[in-house]
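First up is the structure itself, then whatever we jot down about it.
We did not get these values from a lab; they are worked out from the coordinates using the rules stated. Note that this is a predicted model, so its numbers are computed, not measured. Glycine gets a Cβ as well: all are built from the backbone with ideal geometry, and neighbour counts include every protein chain shown.
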Amino acid sequence: MRIGFVGLGNMGQAMAMNLVRAGHQIAAYNRTASRAESLASMGATVAASPAEAASAKEVVITMLADDAAVESLVFGPRGVIEGLPQHSLHISMSTISPSTSQRLAAEHKERVQEYVAAPVFGRPEAAAQAKLFIVAAGSQDAISTAKPVFEVLGQRTFVVDERPEQANYIKLFGNFMITCALESLGEVFAVARKADINPSTVFEVLSGTLFNAPVYHTYGPRILEENFSPAGFRMPLGLKDIRLGLQAAEHLNAPMPFANIVHDRFLTAIANGCEDLDWSAIALGPAEDAGLPRTRIGSGSKTAA
């Protein structure tokens, strides 16, 4: 399949490499062109613009940091929408707002192009191992076109609706729930330390019984070890996702009080110099509130002590 790939960050580069290895013809674009060099060495073409990446392709994939990047590289000068042929498919795998997804669907429909929203759950290591979970929404024909791509990139695809924005809502729900798990781990570990209980023991018991789930097994050890650098998912991206979730909920007159709490955790962490840490470092907040010192030096914060 002829595929354009726009956005070669930690996630996108790994995903594009898997598509090349699977035998697809890839034309890749990234605003920092050097990110495409490793793909070029594997046989991919390096495009000079998003429009060129999308030109004469059956599918173009965008994997970008936020709504502003999607709008710039899709709708801007020499953007994806300009180069994508009629009846070809844009798969947006970025975590973006439902409203931006609705705009993408409308603009593509007007140009007789197909659109699928397909955000993913999984960190960069899961992307590299082709073990992402994909949440897809779009027309049945568009989903059928996207299926070979999803089979390469993920371990399971959930097709949730024909309305693309539904997939974006679900992605925001999931990321919000991850942040609640991070906050709860931080609070429990802080209280355990104050009670002179080893947090590792607490984690072993809880993750081996009631909370035997991937999110706890992924982040519990990272928090216990204060292993937040290098970041798999940086603090500002976590803040962005919580902000998008709150905006979507407010538009629907649906309060999310816990989301406001974790929103402020991100703001506080970033204000204290932790913007380059993994988003799981918000779990340090409860310990700091309890007057506890960091358990080790060098967790990556500018304010580590």
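Segment 1-26 and segment 248-282 have Cα centres separated by 31 Å.
List the longest stretch of the chain that has no exposed loop site; here a site is one of the GluC sites (Glu not before Pro) assigned by DSSP to anything other than H, G, I, E or B, with at most 15 other Cβ within 10 Å. Intermediate values should be presented prior to the final figure.
Working: sites that count: Glu162, Glu225.
Free of exposed loop sites, the longest segment is 1-161.
The charge dipole of segment 10-116, taken about its Cα centre with unit charges on the Cβ of Lys, Arg, Asp and Glu (plus for the first two, minus for the last two), comes to roughly 180 debye.
The Cα atoms of segment 13-123 cover 37, 31, 24 Å along the three principal axes, with the biggest extent listed first. Which angle from 0 to 90°, rounded to the nearest 10, does the C-alpha axis of helix 98-110 make with the longest principal axis of the chain? Tilt of helix 98-110: around 0 degrees.
Please arrange Met42, Met93 by counting, for each residue, the other beta carbons lying within 10 Å of its beta carbon, fewest first.
Met42, Met93
Angle of helix 140-153 to the longest C-alpha principal axis of the chain, folded into 0 to 90 degrees and rounded to 10: 60°. Give me the percent of Cα-Cα pairs in segment 106-259 that sit more than 19 Å apart, rounded to a whole number. In whole percent, the share of Cα-Cα pairs in segment 106-259 beyond 19 Å is 64. Taking only alpha carbon atoms, segment 169-289 gives an Rg to Rh ratio of 0.97, where Rh is the Kirkwood radius. Go ahead and set up a Gaussian network model of the chain, Cα springs under 10 Å, then flag whichever of Ala53, Ala146, Ala254 fluctuates most. Between Ala53, Ala146, Ala254, it is Ala254 that shows the largest mean-square fluctuation.
Based on the Stokes-Einstein relation at 37 °C and a viscosity of 0.692 mPa s, and on the Kirkwood radius from alpha carbon pairs, the chain is assigned a translational diffusion coefficient of 163 µm²/s. Under the convention that each Lys and Arg Cβ holds +1 and each Asp and Glu Cβ holds -1, the size of the dipole of the chain around its Cα centre is about 460 debye.
Working from the pairwise distances between different alpha carbons, so that the mean of 1/r is found and then inverted, what is segment 70-146's Kirkwood radius in Å? List each step's numbers first, then the result.
Numbers: mean 1/r = 0.0760 Å⁻¹.
Computed over Cα pairs of segment 70-146, the Kirkwood hydrodynamic radius comes out at 13.2 Å.
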